[in-house]
1. For ARG69, all conditions in the list (1) within 23 Å of GLN12 (Cβ to Cβ); (2) touching a Ser or Thr at 6+ places or on another chain (Cβ under 9 Å); (3) basic (Lys, Arg) hold save one; what is the number of the exception?
2. Within segment 13-47, count every residue that is exposed (fewer than 13 other Cβ atoms within 10 Å of the Cβ) and in a loop (DSSP other than H, G, I, E, B).
3. Which of the residues spanning segment 124-165 are surrounded by 19 or more Cβ atoms within 10 Å (Cβ to Cβ), of a type outside the set (A, V, I, L, M) and over 16 Å from VAL197 (Cα atoms)?
4. Taking segment 181-214 on its own, how many of its residues are of a type in the set (A, V, I, L, M, F, W, C), in contact (Cβ under 8 Å) with a residue 40 or more places away in the chain and crowded, with 24+ Cβ neighbours inside 10 Å?
5. Filter segment 155-185 down to the residues that are in a helix (DSSP H, G or I), of a type outside the set (Gly, Ala, Ser) and under 18 Å from PRO251 (Cα atoms) and list them by number.
6. Mind checking whether some residue in segment 132-139 is farther than 20 Å from LEU94 by Cβ, in a strand (DSSP E or B) and either hydrophobic (A, V, I, L, M, F, W, C) or modelled with pLDDT under 95 (or both)?
7. What's the number of the condition GLN125 fails, among (1) under 22 Å from LEU210 (Cβ atoms); (2) in contact with a strand residue (DSSP E or B) (Cβ under 7 Å, 6 or more places away or on another chain)?
Amino acid sequence: MAALRVACLQIQPRADQTPADHFEEVAQQVRGAGDADLIVLPELWNVGYFAFDQYRDEAEPADGPTARRLSALAREVGSVLHGGSFVERADAALHNTSVVFGPDGATLARYRKVHVFGYQSRERQLVTGGDVLSTFPLGGAQAGLAICYDLRFPELFRAAVDDVALFVVPATWPAARVGHWQALLRARAIENQAFVVGCNAAGRNGGVELGGASAIIDPWGEAVAQAGPGPTVLEAAIDLSAPSRARSDFPALRDRVLPRPTLAGAITSEAGVPS
């Protein structure tokens, strides 16, 4: 399997620019990364995760203007383009939604963030979580989708791992907890023996310092590429056959066992007596 070239655009969410000017600024960076097979944007880069007051005004249908522009951009550069995420309006509900476009501009996958964040955040008040996993074909393998806070929930990744060689996680992760971001990217890669591409935002948004530290982690938990805190483009070439080799050489996933729950739902001690 040929090497897959990945580019993470660790950019600052929109601040004072108009939406059109900001999109063109981001589009220029996408064009600059056009040699990559997979280009990834951060979570809510076009409105800013912490710009909660703008969510309703900026929300669009899943096939709205932002999606159409990203589709055209993917077709222009001839790469798979993961559009980070944007605020999707579906009937009366808002969702934090990722859309992935193929080199021909066709939609490969949509994913609505399952775990919406509540701690010092209004996302939970504004956004309805999704309930469906999503994958897309990539370089002869399958890639899985998650968004930011989803990273803290290993069950989501484990539910998809049998079919997935790589997970893509766009985020707007604050600098205050960037150590968690780095540890969780490695944990999800190690426990699922898969690549994890974490594309975080940089700079400030809504008065919050963002952590950057985008990373491409291999199935053994090693960083293939690691960004610092500031705006940058993180690039690396990866071998998508590496997960299958890791799972063959060290077949931990084959030994998965789910403990049988007791009738009472109690956790039992080693002696089998409820603790």
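1. Among (1) within 23 Å of GLN12 (Cβ to Cβ); (2) touching a Ser or Thr at 6+ places or on another chain (Cβ under 9 Å); (3) basic (Lys, Arg), ARG69 violates only (2).
2. Final tally of qualifying residues: 5.
3. Within segment 124-165, GLY130 is the sole residue that qualifies.
4. 7
5. PHE157, ARG158, VAL161, ASP162, ASP163
6. Yes, because at least one residue in segment 132-139 is farther than 20 Å from LEU94 by Cβ, in a strand (DSSP E or B) and either hydrophobic (A, V, I, L, M, F, W, C) or modelled with pLDDT under 95 (or both).
7. It is condition (2) that GLN125 fails.
Here's the yes/no breakdown for (1) in a strand (DSSP E or B); (2) charged (D, E, K, R); (3) within 11 Å of CYS8 (Cβ to Cβ):
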| residue | (1), (2), (3) |
| --- | --- |
| GLU209 | yes, yes, no |
| ILE216 | yes, no, yes |
| ALA225 | yes, no, yes |
| ALA237 | yes, no, no |
| PRO243 | no, no, no |
| ALA246 | no, no, no |
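The values are calculated or read from the model by the stated rules, or taken from the named source; none is laboratory data. This is a predicted model, so every value here is computed, not measured. Methodologically, a virtual Cβ is constructed for each residue, glycine included, from the backbone with ideal geometry; neighbour enumeration extends over all protein chains shown.
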